[in-house]
1. Among 116, 76, 89, 63, which is modelled with pLDDT of 95 or more and either within 27 Å of residue 25 (Cα to Cα) or among the polar types (S, T, N, Q) (or both)?
2. Looking only at the range 111-126, which residues are surrounded by fewer than 19 Cβ atoms within 10 Å (Cβ to Cβ) and within 13 Å of residue 186 (Cβ to Cβ)?
3. Kindly check whether there is at least one residue in the range 96-110 that is surrounded by fewer than 23 Cβ atoms within 10 Å (Cβ to Cβ), modelled with pLDDT under 95, in contact with a Ser or Thr (Cβ under 7 Å, 6 or more places away or on another chain) and hydrophobic (A, V, I, L, M, F, W, C).
4. Could we say that residue 247 is modelled with pLDDT under 95, more than 16 Å from residue 138 (Cα to Cα) and outside any helix (DSSP H, G or I) here?
5. Could you tell me whether the range 198-213 includes any residue that is charged (D, E, K, R) and touching a strand residue (DSSP E or B) at 6+ places or on another chain (Cβ under 8 Å)?
6. Filter the range 182-224 for residues that are open to solvent by less than 20 Å² (accessible area, probe 1.4 Å), of a type in the set (Ser, Thr, Tyr) and in a helix (DSSP H, G or I) and give the result.
7. When residue 73 is evaluated against the numbered criteria (1) open to solvent by 10 Å² or more (accessible area, probe 1.4 Å); (2) touching a residue at least 40 places away in the same chain (Cβ under 8 Å), which criterion, by number, is the only one it fails?
8. Scan the range 116-151 for residues that are assigned to a loop (DSSP other than H, G, I, E, B), touching a Leu at 6+ places or on another chain (Cβ under 9 Å) and not aliphatic (A, V, I, L, M) and jot them down.
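The values are calculated or read from the model by the stated rules, or taken from the named source; none is laboratory data. None of these values were measured; they are calculated from a predicted model. Cβ coordinates were reconstructed from backbone atoms using ideal geometry, including for glycine residues, and neighbour counts include every protein chain displayed. Please note that ligands, DNA and RNA were not included when accessible areas were found on the heavy atoms of the full protein model with its side chains. Shrake-Rupley method; radii C 1.70, N 1.55, O 1.52, S 1.80 Å.
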Amino acid sequence: MAQQQSVAIKVDRAALPPFDRNAISAAEWQARVDLAATYRLVALHGWDDMVFTHISARVPGPEHHFLINPYGMMFEEITASSLVKIDLEGKPQHATPHYVNAAGFTIHSAMHIHSENANCVIHTHSDDGVAVAAQKHGLLPISQTAMVMWGDIAYHDYEGVALDLDERERLLRDMGDKHCMVLRNHGLLTVGKNCADAFLRLYYMERACTYQVKALSAGMENINMPNQGMPEHTAELVQWSFDGGAGKLSWPALLRKLDRENPGYAD
């Protein structure tokens, strides 16, 4: 059996340059603000898991760096300045007192390597998301919300805590050209060209899972399945909206909600 390559990030932290807000590009700062907002929105909807799980965003530019949460901070605390910039080997690019979740690096680096369109990657351990991930049949097309996502959902079997880098190859294989993934017995994952698109996909996935958990509480024999072809037809009608359409409509409203209920993410 081949030896698995595990995450072991070693770096001389004392040699790293300090984080300097004035030294980064406007594009990186915008990515930081959007990602910090995404963390707080996930917390606001109750989909966070204390300091665990993770959301990442690619930093614009040729270096293939991406931003991720400082391990140990609650999602509701994340700010644009507190995010850690790392490379595809997991090494931070500026001084920080925080470490990066090793499992988060494995999962997120796989997705960022995978596609130029995976500029934002969200992974959750929500109650209803994990409940559906534990069900053999996965997400069922029993609500309009689930049907909207139909055909864009991949599945990945559980391999333990994601600390082995060679799992990235299987994550990529299973993801294929999809934008949403059910990590069996684990949780949910979505990707998007930006934070707005990835969050919108997550919103629909999470809501669909909640509807399913509630519906199945009455027993599978009481579930009304849609007519043949309706899930595919519904998805075809609205899939375009996940690449900029609905995201552009909902994102400004979501930021206004954050400004009212949990301001400070742009600090």
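1. 76
2. 125
3. No, the conditions are met nowhere in the range 96-110.
4. no
5. Yes.
6. Passing the criteria: none in range.
7. (2) is the only condition that residue 73 fails.
8. Matches in the range 116-151: 125, 126, 135, 150.
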